[in-house]
Each structure stands twice: as C-alpha cells, then as structure tokens.
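The values are calculated or read from the model by the stated rules, or taken from the named source; none is laboratory data. Since we're looking at a predicted model, the values are computed, not measured. Reconstructed Cβ throughout: ideal geometry from the backbone, glycine too, with neighbour counts over all protein chains shown. Only protein heavy atoms, including side chains, enter the accessible area calculation; ligands, DNA and RNA are left aside. Shrake-Rupley method; radii C 1.70, N 1.55, O 1.52, S 1.80 Å.
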Amino acid sequence: LSNLACAISIAKYFNVSDHDIIKIIPSIKNIEHRLSVTKTGNWTIIDDAYNSNFDGFKNALKTLAKYNDLKVLITPGVIESNKEKTKYEIEISNLINETVDLALLIKKPSIKKYISNYLEFETFSDAFNYLKKEYKDKRLTILIENDLPNIYLRWHNE
C-alpha cells in the first residue's frame, strides 16, 4: 500500500486526474510471493513466501490476525543470523502463539521450541497435502511465510 500511495502522490504531482488513477488501480498486481492474497475454495492463502526477515514475518502475522477463519501458518522459520536471533525468535514465536491456530513447521526450524501448537513436515507440499486431507472443507486462512529456499531451487531448476 505504501508503494501505491507513493505512486498516487507522484501521479497527482503530474496532474493525472483522479478518474485516470482510479481506473488503473484494479490492474495493478501485487508482487508475487509478497503478501499476495488468493482465494481457493474455502481457503484464503496469504503468500509471503519471498519474505525472510523478522520484521516482514511479524507484519505478515499481523495481517493474518485480521482474518476470522481458522488461521494456519506454514513456515520453515527465519534464516537470519545475528547476535539477537534468540530474542527475535521468541518475539516471533509469541506472536505466532497469539495469532495462529495451527503452525505447520518445515524442516525443524529453531523457533519450534517456543511454539505451542505445531506439526512438523519435511516440505511445503507435505504440509499442504496434510491440510487438503484434514481440513479440506474448513474455512482457513493460510499464511505461507518464507519459502525462499524452495523458490530459489525452483528458479534454478527451470
């Protein structure tokens, strides 16, 4: 939204009419894998797969909190190393515990020791297959957070 607000401000600076601005907004697409929202049957999927930092993760969880459905998080955690990593992991985990009904953790992330309601899976596909089997007819909002390693592999295998 901040990028959109900036673009509108620039358009206004160059005297683009409100009509033309409003007309073009529906055609603007969100950047893929950056909080893009899609609807699939009873499921709303918030795809933040490209994100890989603590601030972005926290903001994505705050976005998820706004939904009323059963909230599911699929993530391998955050791969970020710094001297305050444990502090950030605890902060993220507390937010997960407050926001998420079920966390599906991929490849044993270090945050799991702080999360109360989780299942572990080897891959994102395994986690989705579990949801398809166990929650197929339920209303879910699913946040996919930090699938960067899988995205990287897909790009380099194409």
### Message
Under a crude label model (7 Å from the Cα following the beta-carbon direction), how far is VAL37 from ASP69 in nanometres?
### Response
1.1 nm
### Message
For the pair TYR130/LYS58, report the inter-label distance in nm, with labels modelled 7 Å from Cα in the Cβ direction.
### Response
2.7 nm
### Query
Based on the mean of other beta carbon atoms within 10 Å per residue, what is the order of 103-116, 3-16, most packed first?
103-116, 3-16
### Query
Given the pairs LYS62/LYS112; LYS39/LYS112; LYS62/LYS138, which span a C-alpha to C-alpha distance of over 31 angstrom in this model?
none
### Task
Taking amide H positions as placed in the peptide plane 1.01 Å from N, state which residues far from PHE121 in sequence (5 or more) or on other chains have amide H under 5 Å from it.
LEU105, ILE106, LYS107, LYS108
### Message
Using a 7 Å offset from the Cα along the Cα-to-Cβ direction at both LYS138 and ALA11, what is the distance between the two label points in nm, to one decimal?
### Response
4.0 nm
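Which of LYS66/LYS107; LYS71/LYS132; LYS107/LYS133; LYS85/LYS136 have a Cα-Cα distance over 26 Å?
The answer is LYS66/LYS107; LYS85/LYS136.
Students sometimes get this wrong: rank ASP20, ASP55 by accessible area, probe 1.4 Å, all chains present, largest first.
ASP55, ASP20
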